[in-house]
Amino acid sequence: MPQSSSISDKGKDLEGLLTDWALGALSAQGHARLREYLPLDEQGRKLARQIEQTVKLARQALSPQPDISPDALPPLLAGRARMSRPSAGLRRIARYLLPLAACLLIGLTLWVLFSSQPAVAEMGPIEVIPQSIELTVFSEPKQQPRSRRYRAQQRAQVGRRQASVQPAMTDRGPRAGLSIGLVRDHRQILNLRKGDNIVRFTNVSAGIIPTSVRFASDTDPDGTKVIEQNFEFDLASADALLNRYIDKRISCLGKDGRLEEGFLASFDSQTIVLSENAGSGQTRSLVRANLTAIRLDELPDGLVTRPTLVWKLRAKTPGRHQTTLSYLTNDIVWRADYIVRLTPAVIPAKAGIHLSSSGHNAASGSAELFTDTNLLDLTGWVTITNQSGARYPDAKLKLIAGDVHTVVEQQEQFLELNYEWFDGGGGHDFRRAERKEFKEKAFFEYHLYTLSAPSTVNDNQIKQLNLLAKRGIQARRVYYYPAWHGNQKVDVQLRFKNDKEHNLGMPLPKGKLRFLQADADGELHQIGEDSIDHTPKDEELELTIGQAFDVVAHREQTSQRRPSRRVMIQDIEITLRNHKNTPIKAVVEDKLNARSDANWRITANSDEFVKEDFQTVSFTFDLPANSEKVITYTVRYDW
């Protein structure tokens, strides 16, 4: 196409060509120029028919003589048009009457030239505009046992992404301690050219797993191909710049104002070594703490200020493209944290009535009816830990609960705390800008939680969002004594079933529970902690709050006999003492494992027992206030 200085110049040129052609005065060179303006495609043929009709009307207006007729436009476009030169009088008349027809021809032609088929040279530079982002975070994985040598190697590693340390590219798989996340980044690419293009996506995660990267054009998925992909993570830190200047001249300005110049021989975190010549000559050391500035001649090539994905794209469709980038990233994880407010189920009784110790308590001046049922108010929070090196603004957030198998390596980081509090029930009343809720549904062998509103997840941040709130969960308080340990400590447990009958009945992701209880003044205090694994609905939960102060126990083997070489008989005595002013529900378990190859049977017992498994028996009973319980049994081993 002719390269005119502006659209107006092209319009004048086209006006002259069309006028000469309409009057039959178009030269062979003019034919060639006009063919370049009119594309030989469907649009060009349609425009040619419109021009032909317009010229017919113009010529009929100029002269009613039947011998003046327009030639067909297709032969003109094919270069085969032959026109005779008109008379001088007709040419003078045409110059006054043809501007109207020429204006129409110019408008139609320019529409085809500049709106349908823009010139590549007139397109601006390639721009990438962020649109939206989706973030799916996997739950914290189970810690795998590691060898002593492995743990020593991990402790020796330096934390990544410090000021002068770049992330290693040797193994960018998932790491232990922190899990992985799936990022779907939607961006718009402007001014993409037909053919090969270089496109750069900045603001991607520093913990990206390059082998997981997938790029797709939503505008033309079949016509847009990735020819080459690179992940540039050599960030322009101070040490990275100095490393590029080895054997090059630099200038160091001291705090005393003295300027030292020379060739950089080496450096570390404390000193800089300069030499007189590149790779040779006398050297001198400078203490970096005594320097105020290090001057370089220019910024070295190949360094980037932020982790960047670079593609070489081959596109069939030029212009604007809607694209989707997806990848896995290390160092982002979520877990559940629960707040459990406990209310003891103690029902006041009428004063003056003496209550029996088997279920009642008598005290001077007052009495109360005891029940082992407690009411729990459960509030669950999602805790997202982001160390991935990227910020996810207004992300559509999804969480996957379940144990996903990954191959990992250990890393650790320190984070800032940030809490986004929303009304989660359980007696909490937090200010909020909008209601954000997680909706749960099954996904593969896991459970998927989707946040109802976008949320921003910053880098090096711990974010908390409300997950669930349940009130009035019915739980039994049990005093549990594992007798085979031999100590006097008795665990305080809350046991309940995760079903609708107990006001729950929903999947509970793995996480930590903190138990709170109000004192006589109504102030809440933490009374213990425990953790749960991923727990489906309709499963039993046993939560250990702590160890009882006023309940103690003791196990003793009172005798052992050997009637024969393959027979052994033991007498066991277990004592449980309740010093509380209320009765308790107690569970005692004991292990019968004198020999791994022996069969056992209890030949005598003071209380009923339940065989839990091949080596465990349990005794369950109510223990009145300020009383003692002694359990005895005799076990016989045969092998």
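The values are calculated or read from the model by the stated rules, or taken from the named source; none is laboratory data. These numbers come from a predicted model, not from an experiment. Positions of Cβ are backbone-derived with ideal geometry, glycine not excepted, and every protein chain shown enters the neighbour counts. These accessible areas exclude ligands, DNA and RNA; they are computed on the full protein's heavy atoms, side chains included. Shrake-Rupley method; radii C 1.70, N 1.55, O 1.52, S 1.80 Å.
At 0.36 nm per residue, minus the direct Cα-Cα distance, what do THR202 and ARG476 gain on full extension? Give it in nm, one decimal, please.
Contour length minus the Cα-Cα distance gives 93.1 nm.
When averaged across all projection directions, what area in nm² does the alpha-carbon convex hull of segment 532-597 cover?
About 8.1 nm², averaged over all directions.
Applying 1/(1 + (r/R0)^6) with R0 = 35 Å to the Cβ-Cβ distance of ALA289 and THR450, what FRET efficiency is obtained, to the nearest 0.05? Show your work: numbers first, answer last.
Details: r = 52 Å, r/R0 = 1.48.
Efficiency at R0 = 35 Å is approximately 0.10.
Using a simple spin-label model with points 7 Å from Cα along the Cα→Cβ vector, what separation in nm is obtained for ASP533 and SER266?
Using points 7 Å along Cα→Cβ, the separation is 5.3 nm.
Please label the shape of segment 512-622 as rounded, prolate or oblate, based on the square roots a ≥ b ≥ c of the eigenvalues of the alpha-carbon gyration tensor (a/c under 1.5 means rounded; beyond that, a/b larger than b/c means prolate, else oblate).
prolate
In the P(r) worked out for segment 566-639, what percent of Cα pairs fall beyond 18 Å? Write down the numbers at each step before the final one.
Values: 1160 of 2701 pairs.
So the portion of pairs separated by more than 18 Å is 43 percent.
Tell me, what are the semi-axes, in whole angstrom and largest first, of the equivalent ellipsoid of segment 461-587 as set by the roots of 5 times the Cα gyration tensor eigenvalues?
One finds semi-axes of 37, 20, 14 Å for segment 461-587.
If r is the Cβ-Cβ distance from GLN526 to ASP613 and R0 is 25 Å, what FRET efficiency results, to the nearest 0.05?
Details: r = 34 Å, r/R0 = 1.36.
Plugging the Cβ-Cβ distance into 1/(1 + (r/R0)^6) gives 0.15.
Distance from a point 7 Å along Cα→Cβ of ILE126 to each backbone N in segment 301-341: keep the residues under 16 Å and list them by number.
Flagged as within label range: 308-325.
Please compute the per residue accessible area over segment 276-325 with all protein chains in place, 1.4 Å probe, rounded to a whole number of Å².
In whole numbers, segment 276-325 has 62 Å² accessible per residue.
Assuming 0.36 nm per residue, please report the length gained on full extension of the stretch THR317 to SER559 beyond their Cα-Cα distance.
So the chain would gain 78.1 nm between THR317 and SER559.
Report the label-to-label distance for ASN191 and ASP297 in nanometres (one decimal), using points 7 Å from each Cα along the Cα→Cβ vector.
3.2 nm
Over what distance in Å are the Cα centres of segment 181-240 and segment 488-537 separated?
Rounded to whole Å, the Cα centres lie 46 Å apart.
Per 0.36 nm of contour for each residue apart, how much would the distance between LYS591 and ILE246 grow if the chain were fully extended, relative to their Cα-Cα spacing?
Full extension from LYS591 to ILE246 adds 117.3 nm.
Can you give the Rg to Rh ratio of segment 459-524, both from alpha-carbon atoms, with Rh computed by the Kirkwood formula?
The Rg/Rh ratio comes out at 1.07.
Pop out the ³J(HN,Hα) list for segment 373-379 in order, Karplus 6.51 cos²θ - 1.76 cosθ + 1.60 with θ = phi - 60°, rounded to Hz; leave Gly and Pro as x.
Along segment 373-379, the couplings run 7, 10, 9, 10, 10, 10, 10 Hz.
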